[in-house]
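Enquirer: Pasting a structure below so you can have a look.
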Amino acid sequence: MTRKVRVVMAKLGLDIHWRGVYLVAQFLKDAGMEVVFLGNQFPEQIAEAALEEDADIVGLSCLSGNHMTLAPKVVRLLREKGLERVKVFMGGVMAPEDAVELERTHGVHKVFLPDTPMETIVSHMYESVGRPRHQP
Amino acid sequence: MAQKRDLLFNAESVQSIESGCNEWFRTALSEADREAEGRYFSASGIPVKLLYTPADTQDMDYGRDLGFPGREPFVRGVYPNMYRGRMFTVRQLAGLGAPEDCNQRIKYLLDHGATGVNILFDLPTIRGYDSDDPEAEGNVGACGAAVDSIRDIDAYFKDIDLGKVSTSIVTHLPSTSIVIPGMYFAVAEERGTPWTQLAGTCQNDFIMETCVGSAPEILPPAASFRLQCDVVEWICRNIPRWNPISYNGYNLREAGTDAVQEVAVAIANAVATAEELIRRGMHIDDFAPRMSFFWDLHNDFFEEIAKCRASRKVWYQIMKERFGARNQKSLLMRFHVQTAGVTLTATEPFNNIARSAIQGLAAVLGGCQSLHIDSYDEAYSAPTEQAALISLRSQQIIQAETGVVNTVDPLAGSYFVESLTDQMAQRIAAYLSKIEEMGGLVKAVESGWLHREISAYNYKHQRSIETGETKLVGVNYQPAETAQCCNIDVFRYPETYTRQKAKLECLRRERNPRKVKECLEVIRDKCGSGENLYPYTIAAVKQLATLGEIEEVFREEFGLWAFPLF
């Protein structure tokens, strides 16, 4: 039996809006993933947790404007730790052009803006790690 | 002698209407229509019938349940002539970048007819960090203004007469409400504006610190609650026209509750505050007149109106019966309203103008005292000037064009609205009792119960969006094939960090470090005492102690608390 997809989820830095990221974490669990929820964390601790938890995916949430500073830092720190295979996903409130820039030039695998159905997030994540959906 | 009753309908009429209604239901409707009864609910789960008649309000006693505006039980409004006498305050957001930028925005809004201002802060300020703190990285000037010291508040209100403007200082946490409004009061003092002339509100809600927002470093609920009460006590004694607390149902609702929970938790906090201040030797009428509330108006139009009316009724009953308040002002609940940010969609953002306007209308029909109408671009960023102007204009359209402000509580007597108001009041009271049974709100928070309630609501609500049961126009309901054309212009504030950092360097050079240290040590000593901390934080900000320095003392002295869900 294949190992479950492991996701480390965090709110970036000081951002206080936990509703969305906590919901996504619950829906990922429902979809058969293993989720380690860090709460609020800074890039160093997030990258460290990804290493310790042997994560396949890092999920970041930001609704308060630190996405362009802190998210690229997470990607860079993961690379420094040799974790290029870890896919970084992101969700939150930001300008669409920022989402594009994060994906194109900062190594974020995919950014989900508001109104994204949970199913879209789940299927993108499974696809990104090239594994079939775990049947609970 | 039996008490005089003001029933609206006599028993005979009610009986005849009821049998007529039953007959109508059987004969006028198809079987399918009849079967649909029982499948409709308000957003908070109250069954909604196809038709309401006098039979649904047959027990209503006009004098007891409604009364007259400005009179007990205040269901119809808190002032006798409501908006004819005192138009609701148009209070739009102002806060982005550095305080100097916000000063421009405030002046812009005041020049266009705003009568009060809402000042917002960036997250480092909200959570009590200076702009040059490593934890502040990436957030300086985003979503609100950076405020580090008394000089920033001075810059924020440059050339604005503090004696003439009504200012809502959206501090969120008690730990910053004991510092930032203190900066404002100290600035007023420096400018020679007497404290008796200052009007405004600060938010100051321990639920904001412990439940609504998550953060790396949170003060424990009991400590946060103590600071909340310090703020209320000190301001009531010193700044007579200031509302020292705005029980924030709004953000709780945004974090994830229904309308009943929103109101009940806010009132539970007010009850806890009242008990603590009475324990400190104050009388209910010393502070209750200055307590204010903050509601979130969502899409369920009639339920939201009923919520506003019901919340006034519940508050009245508690103040009168439980606390024995005598001052009329203690008995009436005043509230600010903001339209619901969570209902805004990023898809087809212009649709948000319609959503927000309808929610704003509900707020006015519910008798709010002040209003913020959200801007269409808020699912992307804090509002741009153009979007903020449309919100302001929406308010003015309600005030000047719709005519709804000309008569008081125009929906009173609607069988549906009265029935819903009554049921909302009952459900709010029941939820309040549940919290009391747990030993009050501070305990309900410490145990993680409230967090679980929020989380359970969110999960259920999201499921209903995923299945399409909850409809979001343009998103899961009637999505367009081609996206609405809309350029979202987002504020950029990259230079704020540099500007704030330079100002902090300058401040640290110019102030007297020995005096700052002394002030901070006094605060540290007093944290462990039962003494009110406000005089000591004001003394510190006058000596140019920064927000972050004072907060650091709190974090060290009170310790940190782990968010109980994660």
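To keep it simple, each residue is scored yes or no on (1) more than 24 Å from A:R19 (Cβ to Cβ); (2) at pLDDT 95 or above.
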{"position": "B:L365", "(1), (2)": "yes, yes"}
{"position": "B:E385", "(1), (2)": "yes, no"}
{"position": "B:S394", "(1), (2)": "yes, yes"}
{"position": "B:T402", "(1), (2)": "yes, yes"}
{"position": "B:A412", "(1), (2)": "yes, yes"}
{"position": "B:L420", "(1), (2)": "yes, yes"}
{"position": "B:Y459", "(1), (2)": "no, yes"}
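Enquirer: To continue, here is another question. Considering only region B:178-193, state which residues are within 23 Å of the chain's Cα centre (by Cα) and closer than 17 Å to B:V117 by Cβ.
Expert: B:I180, B:P181, B:M183, B:Y184, B:F185
Enquirer: Considering (1) touching a helix residue (DSSP H, G or I) at 6+ places or on another chain (Cβ under 8 Å); (2) not in a helix (DSSP H, G or I), say which one B:R151 fails and leave the rest.
Expert: The one condition B:R151 does not meet is (2).
Enquirer: Same structure, new question: Is there a residue being surrounded by fewer than 20 Cβ atoms within 10 Å (Cβ to Cβ) and over 26 Å from B:A363 (Cβ atoms) anywhere in region B:76-99?
Expert: no
Enquirer: Here's another thing I want to ask about it. Evaluate the following for A:R3: is it within 13 Å of chain B (Cβ to nearest Cβ), open to solvent by 10 Å² or more (accessible area, probe 1.4 Å) and not hydroxyl-bearing (S, T, Y)?
Expert: no
Enquirer: Please determine, by comparing only the residues of region B:110-145 that are buried (at least 24 other Cβ atoms within 10 Å of the Cβ) and part of a helix (DSSP H, G or I), which one is nearest to the other protein chains (Cβ to nearest Cβ).
Expert: Ranking the candidates gives B:L123 first.
Enquirer: If I ask for residues that are within 11 Å of chain B (Cβ to nearest Cβ), touching a strand residue (DSSP E or B) at 6+ places or on another chain (Cβ under 9 Å) and surrounded by fewer than 18 Cβ atoms within 10 Å (Cβ to Cβ), which ones from region A:40-80 would you list?
Expert: Of everything in region A:40-80, just one residue is within 11 Å of chain B (Cβ to nearest Cβ), touching a strand residue (DSSP E or B) at 6+ places or on another chain (Cβ under 9 Å) and surrounded by fewer than 18 Cβ atoms within 10 Å (Cβ to Cβ), namely A:Q45.
Enquirer: Please enumerate the residues belonging to region A:1-28 that are outside any loop (DSSP other than H, G, I, E, B) and either of a type in the set (S, T, Y) or under 18 Å from A:K87 (Cβ atoms) (or both).
Expert: Listed by number, the residues that qualify are A:R6, A:V7, A:V8, A:M9, A:A10, A:L12, A:V21, A:Y22, A:V24, A:A25, A:F27, A:L28.
Enquirer: Sticking with this structure for a sec: Being of a type in the set (D, E) and modelled with pLDDT under 95 is the filter; apply it to region B:187-221 and report the residue that is nearest to B:F335 (Cα to Cα).
Expert: Checked region B:187-221; the qualifying residue nearest to B:F335 (Cα to Cα) is B:E209.
Okay, residues lined up against (1) touching a strand residue (DSSP E or B) at 6+ places or on another chain (Cβ under 9 Å); (2) within 14 Å of chain B (Cβ to nearest Cβ); (3) part of a helix (DSSP H, G or I); (4) at pLDDT 95 or above:
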{"site": "A:M94", "(1), (2), (3), (4)": "yes, yes, no, no"}
{"site": "A:E101", "(1), (2), (3), (4)": "no, yes, yes, yes"}
{"site": "A:R104", "(1), (2), (3), (4)": "no, no, yes, yes"}
{"site": "A:V108", "(1), (2), (3), (4)": "yes, no, no, yes"}
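Enquirer: Select from region B:33-56 the residues that are open to solvent by less than 70 Å² (accessible area, probe 1.4 Å) and not in a loop (DSSP other than H, G, I, E, B) and list them in ascending order.
Expert: B:A36, B:P47, B:P54, B:A55, B:D56
Enquirer: Next question, about the same structure. Could you go through region A:34-49 and let me know if any residue there is within 29 Å of B:E254 (Cβ to Cβ), free of Cβ contacts under 8 Å to residues at least 24 places away in the same chain and part of a strand (DSSP E or B).
Expert: Looking through region A:34-49, none of the residues is within 29 Å of B:E254 (Cβ to Cβ), free of Cβ contacts under 8 Å to residues at least 24 places away in the same chain and part of a strand (DSSP E or B).
Enquirer: I need every pair where a residue in region A:66-78 that is free of Cβ contacts under 8 Å to residues at least 24 places away in the same chain has its Cβ under 6 Å from the Cβ of a residue that is open to solvent by less than 30 Å² (accessible area, probe 1.4 Å), sequence separation at least 6 or different chains.
Expert: A:T69/B:G138
Condition check ((1) in contact with a Gly (Cβ under 9 Å, 6 or more places away or on another chain); (2) at positive phi; (3) of a type outside the set (V, I, T); (4) within 14 Å of chain A (Cβ to nearest Cβ)) across all residues:
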site: B:N204; (1), (2), (3), (4): no, yes, yes, no
site: B:S214; (1), (2), (3), (4): yes, no, yes, yes
site: B:E217; (1), (2), (3), (4): yes, no, yes, yes
site: B:R226; (1), (2), (3), (4): yes, no, yes, no
site: B:P244; (1), (2), (3), (4): no, no, yes, no
site: B:G249; (1), (2), (3), (4): no, no, yes, no
site: B:G256; (1), (2), (3), (4): no, yes, yes, yes
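Enquirer: Considering every residue within region B:219-236, establish whether at least one is in contact with a helix residue (DSSP H, G or I) (Cβ under 8 Å, 6 or more places away or on another chain), outside any helix (DSSP H, G or I) and not polar (S, T, N, Q).
Expert: Yes, region B:219-236 contains a residue that is in contact with a helix residue (DSSP H, G or I) (Cβ under 8 Å, 6 or more places away or on another chain), outside any helix (DSSP H, G or I) and not polar (S, T, N, Q).
Enquirer: Just one of (1) more than 26 Å from B:G200 (Cα to Cα); (2) within 14 Å of another protein chain (Cβ to nearest Cβ) trips up B:A340, so point out which.
Expert: In the conditions (1) more than 26 Å from B:G200 (Cα to Cα); (2) within 14 Å of another protein chain (Cβ to nearest Cβ), B:A340 misses (1) alone.
Enquirer: Also: Output the residues belonging to region B:239-261 that are touching a Phe, Trp or Tyr at 6+ places or on another chain (Cβ under 7 Å) and free of Cβ contacts under 8 Å to residues at least 60 places away in the same chain.
Expert: Correct list: B:I239, B:Y247, B:G249.
Enquirer: How do the pairs read when you match residues in region B:4-28 that are in contact (Cβ under 8 Å) with a residue 12 or more places away in the chain and within 27 Å of B:R64 (Cβ to Cβ) with residues anywhere that are among the β-branched types (V, I, T) and part of a loop (DSSP other than H, G, I, E, B), using Cβ under 6 Å and keeping only pairs 6 or more apart or on different chains?
Expert: Final answer for the pair search is B:I17/B:T53; B:C21/B:T53.
Enquirer: Condition first: among the aliphatic types (A, V, I, L, M), open to solvent by less than 30 Å² (accessible area, probe 1.4 Å) and under 13 Å from the mean Cα position of the chain (by Cα). Now tell me which residues in region A:81-136 satisfy that.
Expert: A:V86, A:V88, A:M90, A:L102, A:V108, A:V111, A:I121, A:V122, A:M125
Enquirer: Being part of a loop (DSSP other than H, G, I, E, B), away from chain A (no Cβ under 14 Å) and not hydrophobic (A, V, I, L, M, F, W, C) is the requirement here; does B:K107 meet it?
Expert: Against the criterion (part of a loop (DSSP other than H, G, I, E, B), away from chain A (no Cβ under 14 Å) and not hydrophobic (A, V, I, L, M, F, W, C)), B:K107 does not qualify.
Enquirer: Can you name the helices (runs of 4 or more DSSP H) wholly within region B:303-406 that have at least 3 residues being open to solvent by 10 Å² or more (accessible area, probe 1.4 Å)?
Expert: B:351-365, B:385-400
Enquirer: Search region B:280-293 for residues being among the hydrophobic types (A, V, I, L, M, F, W, C) and either out of contact with any His (no Cβ under 8 Å at 6 or more places or on another chain) or open to solvent by 10 Å² or more (accessible area, probe 1.4 Å) (or both), and hand back the single one that is nearest to B:A357 (Cα to Cα).
Expert: Residue satisfying both the conditions and the ranking: B:M291.
Enquirer: List every residue pair whose Cβ atoms sit under 9 Å apart, with the two residues 6 or more apart in sequence or on different chains, where the first one lies in region B:370-381 and is within 13 Å of chain A (Cβ to nearest Cβ) and the second, anywhere, is in a loop (DSSP other than H, G, I, E, B) and of a type in the set (D, E, K, R).
Expert: Taking only residues 6 or more apart or on different chains, the pairs are B:D377/B:D489; B:A379/A:D115; B:S381/B:D489.
Enquirer: I need the full set of residues from region B:74-90 which are closer than 22 Å to B:G341 by Cβ and touching a helix residue (DSSP H, G or I) at 6+ places or on another chain (Cβ under 9 Å), in order please.
Expert: B:F88, B:V90, listed by residue number.
Enquirer: Failed condition for B:A483, given (1) loosely packed, with under 13 Cβ neighbours inside 10 Å; (2) part of a helix (DSSP H, G or I); (3) modelled with pLDDT under 95, with all others met?
Expert: It is condition (2) that B:A483 fails.
The values are calculated or read from the model by the stated rules, or taken from the named source; none is laboratory data. Quick caveat, the model's predicted, so the values are computed rather than measured. Here Cβ is always computed from backbone atoms with ideal geometry, including for glycine, and neighbour counts include all displayed protein chains. Side chains are part of the model used for accessible areas, which takes the heavy atoms of the whole protein and leaves out ligands, DNA and RNA. Shrake-Rupley method; radii C 1.70, N 1.55, O 1.52, S 1.80 Å.
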